[in-house]
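*Asks:* Below is one structure. I have some questions about it.
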Amino acid sequence: MSKILVTHDGKFHADDVFAVATILLAEEGVTVVRTRDEKRIADADCVVDVGGIYDEEKGRFDHHQPSGAGVRASTIPYASFGLVWKRYGEKLAGSKAIAQKVDDTLVAPVDANDSGFDLSVPKFTDIFSYEVSDMVRAFTPTWEEDDSLADEHFSEVILFAKRIIEREINRAKAVIKGEEQVEQAVLTAPDKRLIMLPVDYSWKSVLAKVSEPLYVVHPQGDTWRLYCVRDNPHVFKNRKDLPSAWAGLRGEEFVKVTGVSDAVFAHRNRFMAVAKTREGAVALAEIALNS
């Protein structure tokens, strides 16, 4: 028999969309009903983002009650996505560590947005970062559209949310494995100012916690890349910029300035340079280190 999952009708947000998507990934034979009818809510097998109750054992995942539904160690409140992820995240991700990584990357930011908890401060009056919650909002009917489209659009964005969750689980698995390799590369590096990686692992968060590294070299596609390390991976401030004379150069002009025969390109913001070979990228790194 089909299990009935109820969430509220009307406008939807990333919180309820991703909570429902998580349950659909974790459970088979689920039918989603969007309503605020109290009897249908009471009779449902599972209720998300409506109903005023948080009780995991009874399948109730709301956070709108006066006392809320708890907060993380980070102080970010739990919204319905987070409550559902606490119940199903480890099952879907395969381990507690991977589930936590997905919570840090995707779930907690969605919960923060839904709870009015600011994660960033806008720098401009009319320009803001575009987040996953904005993506979901793009699917809600505008005032020029018929509200009857809401259920159709909800079903459409659920498919997208399921794929995002699946991809973030895959990314989290790779990130955790890659970070272990980066930690080992730091331990064995003969000069900890330059970290050599054989693969494009996720290195930014690991190296931000280690004071010595200034640059990273690793392959990417058919080239080798030299990147600057930052104290905060989410802030564009390098520990040491690449040489100012490189900014925006490419091809023969870049080769002439550096003396590296296979130098390809240097970003004008001086955080990245490219060479055709490992040896070329290392040569660029050595010049940058000594500049």
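The values are calculated or read from the model by the stated rules, or taken from the named source; none is laboratory data. As the structure is a computational prediction, the values presented were derived from the model and not from experiment. Quick reminder, even Gly has a Cβ in these numbers, built from the backbone with ideal geometry, and neighbours come from all protein chains shown.
*Asks:* Quick test for you: out of S244, S205, S261, S211, pick the one residue that is on the phi < 0 side of the Ramachandran plot and free of Cβ contacts under 8 Å to residues at least 12 places away in the same chain.
*Replies:* Details: S244 fails: free of Cβ contacts under 8 Å to residues at least 12 places away in the same chain; S205 fails: free of Cβ contacts under 8 Å to residues at least 12 places away in the same chain; S261 fails: free of Cβ contacts under 8 Å to residues at least 12 places away in the same chain.
Answer to the selection: S211.
*Asks:* Among the residues that make up region 12-35, is at least one of them over 22 Å from R163 (Cα atoms), over 29 Å from the mean Cα position of the chain (by Cα) and surrounded by 15 or more Cβ atoms within 10 Å (Cβ to Cβ)?
*Replies:* yes
*Asks:* Take the residues in region 206-222 that are more than 21 Å from K177 (Cα to Cα) and surrounded by fewer than 16 Cβ atoms within 10 Å (Cβ to Cβ); name whichever of them is nearest to the chain's Cα centre (by Cα).
*Replies:* This residue is S211.
*Asks:* Can you tell me which residue in region 1-27 is farthest from F139 (Cα to Cα), limited to those that are in a helix (DSSP H, G or I) and among the small types (G, A, S)?
*Replies:* Applying the filter and picking the extreme gives A26.
*Asks:* Against the definition (assigned to a loop (DSSP other than H, G, I, E, B), touching a His at 6+ places or on another chain (Cβ under 6 Å) and either loosely packed, with under 14 Cβ neighbours inside 10 Å or not assigned by TED's automatic domain parsing to the domain that holds K123 (or both)), how does D241 come out, yes or no?
*Replies:* Values: assigned to a loop (DSSP other than H, G, I, E, B): yes; touching a His at 6+ places or on another chain (Cβ under 6 Å): no; either loosely packed, with under 14 Cβ neighbours inside 10 Å or not assigned by TED's automatic domain parsing to the domain that holds K123 (or both): yes.
For D241, the condition - assigned to a loop (DSSP other than H, G, I, E, B), touching a His at 6+ places or on another chain (Cβ under 6 Å) and either loosely packed, with under 14 Cβ neighbours inside 10 Å or not assigned by TED's automatic domain parsing to the domain that holds K123 (or both) - is not met.
*Asks:* For the structure I just gave you, tell me whether G70 is touching a strand residue (DSSP E or B) at 6+ places or on another chain (Cβ under 8 Å) and more than 24 Å from G116 (Cβ to Cβ). Give the derivation first.
*Replies:* Numbers: touching a strand residue (DSSP E or B) at 6+ places or on another chain (Cβ under 8 Å): yes; more than 24 Å from G116 (Cβ to Cβ): no.
Spelling it out, it is not the case that G70 is touching a strand residue (DSSP E or B) at 6+ places or on another chain (Cβ under 8 Å) and more than 24 Å from G116 (Cβ to Cβ).
*Asks:* Now for a different question. Only helices (runs of 4 or more DSSP H) wholly contained in region 74-130 count here; list those with 2 or more residues that are among the acidic types (D, E) and under 16 Å from D49 (Cβ atoms). Give the derivation first.
*Replies:* Numbers: elements: 80-93, 96-102, 108-114.
In region 74-130, 108-114 are the helices (runs of 4 or more DSSP H) which contain 2 or more residues that are among the acidic types (D, E) and under 16 Å from D49 (Cβ atoms).
*Asks:* With respect to G29, is the statement that it is in contact with an Asp or Glu (Cβ under 7 Å, 6 or more places away or on another chain) and on the phi > 0 side of the Ramachandran plot true?
*Replies:* no
*Asks:* Would you call Y201 hydroxyl-bearing (S, T, Y) and in contact with a helix residue (DSSP H, G or I) (Cβ under 8 Å, 6 or more places away or on another chain)?
*Replies:* Yes.
*Asks:* Here's a follow-up. Considering only residues that are assigned to a loop (DSSP other than H, G, I, E, B), within 16 Å of I158 (Cα to Cα) and in contact (Cβ under 8 Å) with a residue 40 or more places away in the chain, which ones fall in region 28-60?
*Replies:* D49 - this is the single residue of region 28-60 that is assigned to a loop (DSSP other than H, G, I, E, B), within 16 Å of I158 (Cα to Cα) and in contact (Cβ under 8 Å) with a residue 40 or more places away in the chain.
*Asks:* Turning to a different aspect of this structure: Quick check on this structure: which one of D200, D151, D191 is in contact with a His (Cβ under 6 Å, 6 or more places away or on another chain) and either in a loop (DSSP other than H, G, I, E, B) or outside the structural domain of R239 (by TED's automatic domain parsing) (or both)? Working first, answer last.
*Replies:* Numbers: D151 fails: in contact with a His (Cβ under 6 Å, 6 or more places away or on another chain); D191 fails: in contact with a His (Cβ under 6 Å, 6 or more places away or on another chain).
Residue meeting the stated conditions: D200.
*Asks:* Please list, ordered by first then second residue, the pairs with beta carbon atoms under 6 Å, 6 or more apart or interchain, first in region 143-166 and touching a residue at least 12 places away in the same chain (Cβ under 8 Å), second part of a loop (DSSP other than H, G, I, E, B) and of a type outside the set (F, W, Y).
*Replies:* Sorted first by the residue in region 143-166, then by its partner, the pairs are D147/P141; A150/P141.
*Asks:* Give the residues of region 77-98 that are touching a residue at least 12 places away in the same chain (Cβ under 8 Å), surrounded by fewer than 21 Cβ atoms within 10 Å (Cβ to Cβ) and not aromatic (F, W, Y), sorted by residue number.
*Replies:* Hits for region 77-98 are P77, K86, R87, K91, L92, G94, A97.
*Asks:* Hey, another quick one. Criterion first (closer than 12 Å to A79 by Cβ, under 14 Å from the mean Cα position of the chain (by Cα) and modelled with pLDDT under 95) does S133 satisfy it?
*Replies:* So S133 fits the description; yes.
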